[in-house]
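Novice: Following this message is one structure expressed as structure tokens.
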Amino acid sequence: MAKDKLLLIDGNSIAFRSFFALHNSLSKFVNKNGLHTNAIFGFNKMLDSILEQYQPTAALVAFDAGKTTFRNGKFDNYKGGRSKTPPELSEQMPYLRELLTGYGIKSYELPNYEADDIIGTLAKEAEAQDYAVVVVTGDRDLTQLSSEKTIVAVTKKGVSEVEEYTPAYVEEKLGVTPKQIIDIKGLAGDTSDNYPGVTKVGEKTAIKLLKQFDSLENLYEHLDELKPSKMKEHLIEDRDNAFISKDLATIRRDAPIEISLDDVQYAGINEEYLREFYHQMNFKSFLSKLDQTATQDGVEAVKKEVVFNVLNKDNVEQLQSLKGEIDFYLEMLDKNYHLSDFTGFVIGNADNIWVSDDVELLNNSKIKAILEDPKIKINVFDSKRTYVGLHRLGIKLTAVNFDILLQSYLLDTNDNSNDLGQLAHEHDYDAIDTDDDVYGKGAKRAVPEQTELFNHLARKLAAINFLGKQLDQELVKNEQNNLYWDIELPLAIVLAKMEISGIKVDRNRLNQMQSEFTERLSEIETNIYNEAGEEFNLNSPKQLGVVLFEKLKLPIIKKTKTGYSTAVDVLEKLQGESPIIDNILNYRTLSKIKSTYVDGLLKVIHTTDEKVHTTYVQTLTQTGRLSSIDPNLQNIPVRIEEGRKIRQAFVPAREGWHILSSDYSQIELRVLAHITGDQNLQEAFKNGEDIHATTAVKIFGLKDASEVTPNIRRQAKAVNFGIVYGISDYGLSQNIGISRKDAKKFIETYFKEFPGVKKYIDESVQLAKEQGYVETIAHRRRYLPDINSSSFNLRSFAERTAMNTPIQGSAADIIKIAMIDMENELEKRNLKSRMLLQVHDELIFEVPDEEMTLMKELVPKVMDSAVKLDVPLKVGAAWGNTWYDAK
DNA sequence: AAATTCACG
DNA sequence: ACGTACGTGAATTTA
């Protein structure tokens, strides 16, 4: 057995294979700089399995040097007509070199030569020195190198598995010897490398000929032995091509390489370099693999032990050392912190950590004083959650400093997690586990034994301590510190107060609606079953599809991934085909209202106060909007009267109070006018015009607003929406039911009439391509990793987002500022009125009657003066007995 | 857990 | 030629 083993890898080929093996999940392999990493990931997998399998003593990865090689000199069109390497792959190539550096494997390329030639040359040299050689590639042509000492391992589908070509296996598989592979190529040519061979001769014919004549040269020497045939004519005619093709297919074994076997001895990985690289690539699995091998080798412990004290009522005095800036974390395992049990807490700083699983301790005057001290700055993870949790324990969290959940969200909305462990990992801090790891997922979630719990909590505190400062610096660097300190952090407390206030729900009203809906639904159900001639599950799109399109043979308008679409737009097109359609549409509407809103809301009313307490998710949306969950109070029906009645169940918490609702009018279009600087759009708003009518006049070339019919206005409104969403002719045509051509004309006219808008759209897409992100007026950022994608879909989506996000996001900034201002006003003026809900462009309050006169002036005033734009903000207000009546 | 549908801005 | 409007959450069925 040879003592030395040389591993030679065809770099470009393996990169290419890896890239396409993981092409489906391309969008999942993106690091935080927007770099695609799928080929790197696949390459790494291949390396791991190959290194383990072959245990080489020397290794080299060969790359193609560039587009042109000596082969192009021999044949103009060599590799011509190849589609060019996708940019998502090209961008990964430099990082592959880094990966190899981490593995301690040299890479090499040689101008004018291909990777094959480097491999061929070095393999020859190694064989001469009695090495065993393994060549790894995705390209079968390299099997010509296989010999008694050289195995060619060709990757199978998944990249990390290979098929080993020994000379015997080549013969078995292809019916020729390794040497004859180039003769096949000479006769049959190669479509992918774009050289011709002999006309009408393919692989099968070539093999047959070679079995008889052994080599191309011998074949031509004995050509006269062949009976006259079409094939013989082709062979004679294409003689030159055949020899050129064979030459092109021949791997050089004498390339002028300036690297020797001594240079490629393999000494193992550079762990530190690799670790840093994995962080940069966001390769979690490889990172943990590194950790495992490190521990196994006893080189280094995975994580340092964390030191903490267990707090109890006898040692709380120790906390007196906590001054200035501290860290705190309150553990509530249930997602819904309005109801969750308390699992424990941890308090401390960089020097000392105290943990406990007894939250009653928090009400100890010593601890309470610290948490409520305005002079002690407290770093947390999720200030809103912490505020609400402590509030339930009778403690008022007063001076939050860093909230790493908020900070991290502002830095990058993509890489954000509500799990502290996961989030820490995103920021390269690894001395902590995720909650899923410690507590378990889903049904298995449970509190672990005390030591493990305390360890986890202590690690959480250490993570908060470490990350707060770091993230703060990153915010400053991004000019996002004002966004954090002046908007998001104060807003978290405002939202906490709104959630705690909750909104009262009239249970009786809902119960009454419940019986009405139950009755009406069962009636409609009976009708549908009669019309269908059978009973089925109406809530199942699948079963409904069978009834409509197979049994009743209605025309199929649209299909989904899994079957027939039965969505509203489809059903509406079928109206008139059968009376069953109207009934189904009715059923859908009513059952939606009943299940989601009537039954759904009844389930989440707190029995203690007859209120619902939503949770606003502050760190979720890609644009900066809030979201509302459990229950979602931002999608209570309003457009259809039957659903709108749900709002009658939202009532003030006390007698003699009313609901006040105040909303921005066309805030997104006003923001558009502001950030585009378009003179015409700005004029329209400054003159207080009906913006949809103005747009209608412009795009339909009307004399003035008097010519605008309701239908024309409706179309213009759709165009305005389209602009805000990042318009496409197709989208617009679908929305208002016109031809794509007409839609295109509308858009073109719009851009002519509002040239500032056109200019802005082009510029923001351009900017996104250059810097990788777009920004709102308050410097909220959204990274768009797909903006330079070669996939039309992904790129187009990113482009539309680049237009829409600054608009939707700036509108979100504005209402957030208004909410903070409003809460300040309520406090300053010592008002009893409470802000209860935010619905993106609308704020809802409950107001005692004696404050109504003031509030209905104050709220709009605060809202429209939240920021100063180049156009005025317009705010409307209405009030009534219930949310329904505040219209 | 994914897919479909539909409620909101 | 490609195949799309932007941002969300909840209920339901199905695999």
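Throughout, read-outs are computed from the coordinates displayed, never taken from laboratory work. If you're wondering where the values come from, they're calculated on a predicted model, not measured in any experiment. Cβ atoms come from the backbone with ideal geometry, glycine included; neighbour counts cover every protein chain shown.
Novice: Among A:LEU552, A:ILE605, A:ALA532, which residue has its Cα furthest toward the positive end of the charge dipole of region A:503-612, with +1 on Lys/Arg Cβ and -1 on Asp/Glu Cβ?
Specialist: Looking along the dipole axis, the top candidate is A:ILE605.
Novice: For region A:44-181, what number results from the quotient of the Cα radius of gyration and 2.2 N^0.38 Å? Write down the numbers at each step before the final one.
Specialist: On the way: Rg = 15.7 Å, N = 138, 2.2 N^0.38 = 14.3 Å.
Working it through for region A:44-181, the quotient is 1.10.
Novice: Of all beta bridges DSSP finds with both residues in chain A, what is the antiparallel percent, to the nearest 5?
Specialist: 60
Novice: Give me the mean projected area, in nm² to one decimal, of the convex hull enclosing the Cα positions of region A:49-126.
Specialist: Details: hull surface 26.7 nm².
Dividing the Cα hull surface by four gives the mean projection, 6.7 nm².
Novice: ³J(HN,Hα) across region A:234-251 via Karplus (A = 6.51, B = -1.76, C = 1.60, θ = phi - 60°), whole Hz, x for Gly/Pro?
Specialist: 4, 4, 5, 4, 9, 3, 4, 4, 4, 5, 5, 5, 4, 4, 4, 7, 6, 6
Novice: Then there is this: Can you give the Kirkwood hydrodynamic radius for region A:764-887, in Å, rounded to one decimal and based on Cα pairs?
Specialist: Details: mean 1/r = 0.0599 Å⁻¹.
When all Cα pairs of region A:764-887 are included, the Kirkwood radius is 16.7 Å.
Novice: Stick to Cα atoms and the Kirkwood definition of Rh, then tell me Rg/Rh for region A:503-612.
Specialist: Taking Rh as the inverse mean 1/r over Cα pairs, Rg/Rh reads 1.09.
Novice: What are the ³J(HN,Hα) couplings of region A:560-572, residue after residue, when phi is run through the Karplus curve with 6.51, -1.76, 1.60 and θ = phi - 60°? Round to Hz, x for glycine and proline.
Specialist: 10, 3, 10, x, 7, 7, 10, 5, 3, 4, 5, 4, 5
Novice: Follow-up question, since we're still on this one. Two-decimal Rg/Rh of chain A from alpha-carbon positions, Kirkwood Rh? Write out the running numbers ahead of the final one.
Specialist: On the way: Rg = 34.9 Å, Rh = 33.1 Å.
So for chain A, dividing Rg by the Kirkwood Rh gives 1.05.
Novice: Length gain on complete extension for the stretch A:LEU767 to A:ILE629, per 0.36 nm per residue less the alpha carbon to alpha carbon distance?
Specialist: Taking 0.36 nm per residue and subtracting the Cα distance, the gain is 46.3 nm.
Novice: Tell me the Kirkwood radius of region A:309-471: reciprocal of the mean inverse pair distance over distinct alpha-carbon atoms, in Å.
Specialist: Values: mean 1/r = 0.0634 Å⁻¹.
Every distinct Cα pair counted, the radius reaches 15.8 Å.
Novice: If you restrict to DSSP beta bridges whose two residues both lie in region A:5-264, what percentage is antiparallel, to the nearest 5?
Specialist: Given both bridge residues lie in region A:5-264, the antiparallel proportion sits at roughly 25 percent.
Novice: Now for a different question. Rounding to the nearest 20 debye, state how big the charge dipole of region A:309-471 is about its Cα centre with +1 on each Lys and Arg Cβ and -1 on each Asp and Glu Cβ.
Specialist: Taking the Cα centre of region A:309-471 as origin, the dipole is about 640 debye.
Novice: May I pose another question? Given the convex hull over the Cα atoms of region A:668-803, what projected area results after averaging over all orientations, in nm²?
Specialist: For the Cα atoms of region A:668-803, the hull's average projected area reads 8.4 nm².
Novice: What FRET efficiency comes out for A:ILE236 versus A:SER147 if R0 is 45 angstrom and r is the Cβ-Cβ distance? Round to the nearest 0.05.
Specialist: For A:ILE236 and A:SER147, the calculated efficiency is 0.85.
Novice: Can you find, among A:ASN336, A:VAL862, A:LEU7, the residue sitting farthest towards the positive end of the charge dipole of chain A, where Lys and Arg contribute +1 and Asp and Glu -1 at Cβ?
Specialist: The residue sitting farthest along the positive end of the dipole is A:VAL862.
Novice: Which is farthest toward the positive dipole end of region A:99-203 among A:LEU174, A:LEU145, A:GLY102, measuring Cα position about the Cα centre, with Cβ charges +1 (Lys, Arg) and -1 (Asp, Glu)?
Specialist: Positive-end residue among those listed: A:LEU174.
Novice: Whose amide H sits under 5 Å from the amide H of A:VAL400, counting only residues 5 or more places off or on another chain, with H placed in the peptide plane?
Specialist: Residues meeting the criterion, in which the H sits 1.01 Å from N, are A:ILE378.
Novice: For region A:5-264, I need the span (max minus min coordinate) of the C-alpha atoms along each principal axis, in Å, sorted largest to smallest.
Specialist: 65, 40, 32
Novice: Here is a further query. What is the dipole size for chain A, taken about its Cα centre, with +1 at each Lys and Arg Cβ and -1 at each Asp and Glu Cβ, in debye to the nearest 20?
Specialist: Working: 109 positive and 135 negative charges, 518 e Å.
Taking the Cα centre of chain A as origin, the dipole is about 2480 debye.
Novice: Let me ask you something else. Give me the aspartates and glutamates in straight-line cross-link reach of A:LYS375: C-alpha distance below 13 Å, same-chain residues under 8 apart excluded.
Specialist: Cross-link targets: A:GLU325.
Novice: Here's something else I'd like to know. Taking Cα atoms, how many degrees apart are the long axis of helix A:383-392 and the longest axis of chain A, rounded to 10 and kept between 0 and 90?
Specialist: Roughly 40 degrees, rounded to the nearest 10.
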